[in-house]
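The structure appears right after this line, and notes come after that.
The values are calculated or read from the model by the stated rules, or taken from the named source; none is laboratory data. Quick caveat, the model's predicted, so the values are computed rather than measured. FYI the Cβ positions are ideal-geometry reconstructions off the backbone, even for glycines, and counts take in every protein chain you see. Areas reflect the complete protein model, heavy atoms only, side chains present, ligands, DNA and RNA absent. Shrake-Rupley method; radii C 1.70, N 1.55, O 1.52, S 1.80 Å.
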Amino acid sequence: MFQLIKSFSALKLSSNTIAKYCTYNLSYNPALLPVKKTHRKPRWVPVAKSKVFRIPKKPKLPEDEANEIRRLFNNYKNNVRSIRKYLYKKHCTIFEISSDPQEILKEFKEDLVKCHEINDKWNAEVKINREARLQKELDEELVLAEKKIEEQMLREEEMYAFTEELVRKQKEASISFITPENIDAIIDKALAEETDYNFAIYPNGEKIIGKKTRPTQETEKVVGAQ
Amino acid sequence: MPYKYIGRTHDFRGKSLWEILGNLKNFGVGRIVARNILERYPEPSYIKILKVETLPHPENESPDNQRKIRVLVEQTFRGKTSPVPVLMERISYKPDFKLIPKDEEANYCKKIESVKDTRILPRTMEFPPLLKYLVAQDILNNKGKVTNEDFQLEIAYNKRSRNVKYKIAGEGEKPTETFSMGLGKPVTLRFYKGIKLNN
């Protein structure tokens with residue numbers, strides 16, 4: 001009893017509750033007993049080193065004793081099985097069900113109606129959920145499509161601006177292009193404005209043009225060209 | 001150096017199947033081999049070699065890891081010969097086989113008529129005392145009168161087993177044996193000295 005009171009106080013119960021429990025009949029009740037544990041060591045623990053090479057002696061029963069033990073055990077199994085079967089038949093609810101086909105059909109129909117009710121209820125619930133889900137999915141898809149259209153338009157605008165810029169630049173550059181119309185004038189200009197590259201250059205970019213950078217005589221010029 | 005065995009012993013006596021058949025002409029086809037462990041039965045149990053197929057040595061051959069052999073045999077167990085040949089491989093390593101010499105074959109394989117089980121077992125038995133009292137109370141509360149038949153507990157025999165040899169008493173048939181909740185009829189009386197037996 002002291003143990004019991006101690007365990008109750010550990011649960012922080014009020015003194016009234018403890019007093020109430022103390023009036024209970026504490027006769028033998030298997031349900032209140034602690035769970036029985038096996039006394040074996042765990043499966044993964046190996047055989048003790050001192051017992052590895054121990055050879056247990058095989059029990060050798062006399063034949064009559066073995067027969068007697070077998071007979072008693074067979075009787076015990078037989079008796080217990082018979083009692084178990086009797087109690088099962090007596091208390092099992094399966095055997096209480098009527099074997100009248102009309103009654104079975106009636107029960108079946110009642111059960112079917114119940115099942116239908118449950119099924120309809122489920123279907124209604126599922127329908128509401130399904131419609132809400134489909135509406136939500138449609139809205140999401142519409143938003144996504146609008147977003148995609150906007151993105152596409154923005155991309156097209158960017159592309160148009162890029163091409164416009166490219167065309168403008170080309171047009172600007174095309175002013176200095178050589179065309180069949182102005183080719184003669186440009187050749188004349190090039191011939192007139194002869195460029196002389198015979199000069200030295202300082203690291204800082206200063207050009208030093210010599211006094212005589214070109215051959216004076218025409219023949220020498222021809223020979224030098226060959 | 002002779003082997004020194006360490007560890008638990010087994011009940012085998014004899015040689016493995018390869019040790020016997022490997023040393024015989026034509027791998028012993030047609031010969032009779034018996035297992036020592038099956039000599040516990042009064043009826044003869046033996047195998048007749050029909051066809052032999054050898055298998056390689058195991059990697060680490062030892063007394064614990066013997067060579068196997070694949071043998072097609074005509075098997076006779078407790079005097080009954082199997083109508084179809086049996087392929088033996090998994091048990092061929094067991095050192096429990098012995099060769100029956102040719103002149104002893106006829107004697108060894110002689111049929112012995114097994115004793116027929118003539119027992120007729122009872123269909124019902126009595127209840128254990130406390131359960132009997134409870135049953136009586138139950139019937140008295142419901143019907144108001146208890147008959148002798150109410151105290152008969154039906155015995156749960158294994159009716160589906162193929163090895164059933166006994167017979168269960170039918171209607172009006174007198175059983176040769178009786179079962180009760182007590183110690184029953186002892187086979188060996190020397191354990192019951194000074195004990196009062198009801199049956």
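Does anyone have the angle between helix B:129-142 and the longest principal axis of chain B? Alpha-carbon axes, 0 to 90°, nearest 10? Computed tilt is about 50 degrees.
Inside 10 Å of the C-beta atoms of B:5-13, what's the mean count of C-beta atoms belonging to other chains?
2
Name the shape class, rounded, prolate or oblate, that the alpha-carbon gyration tensor gives for the stretch B:120-192, where a ≥ b ≥ c are the square roots of its eigenvalues, rounded holds for a/c under 1.5, and otherwise prolate holds if a/b is larger than b/c and oblate otherwise. Because a/c hits 1.5 or more and a/b fails to exceed b/c, the stretch B:120-192 counts as oblate. The spread of Cα positions in the stretch B:17-108, taken along each principal axis and listed from longest to shortest, comes to 39, 27, 26 Å. Between the residues A:Met153, A:Leu134, A:Asn119, the greatest Cα displacement towards the positive end of the dipole of the stretch A:100-173, with unit charges on the Cβ of Lys, Arg, Asp and Glu, is found for A:Met153.
With the simple spin-label model, which puts each label point 7 Å out from Cα in the Cβ direction, the A:Leu105 to B:Leu131 separation comes to 4.1 nm. The A and B chains share an interface that buries close to 2000 Å² of accessible area, total over both sides, probe 1.4 Å. Normalised per residue, the accessible area of the protein assembly as shown is 87 Å², obtained with a 1.4 Å probe and no contribution from ligands, DNA or RNA. First check a/c for the stretch A:100-173, with a ≥ b ≥ c the square roots of the eigenvalues of its C-alpha gyration tensor; if it is under 1.5, answer rounded, and if not, answer prolate when a/b is larger than b/c or oblate otherwise. Prolate shape, in that a/c is at least 1.5 and a/b is the bigger ratio.
For a protection proxy built on the mean count of beta-carbon atoms within 10 angstrom, sort B:33-39, B:13-19, B:62-68 highest first, please. Could you put the intermediate results ahead of the total?
Numbers: B:33-39: 17.3, B:13-19: 19.9, B:62-68: 13.6.
Per-residue Cβ counts within 10 Å, averaged per peptide and sorted highest first, yield B:13-19, B:33-39, B:62-68.
Projecting label points 7 angstrom from Cα along Cα→Cβ for B:Asp64 and A:Lys77 puts them 3.3 nm apart.
The C-alpha radius of gyration of the protein assembly as shown, expressed as a fraction of 2.2 N^0.38 Å, stands at 2.39. For the pair the stretch A:64-138 and the stretch B:107-181, the centres of their Cα atoms are 30 angstrom apart.
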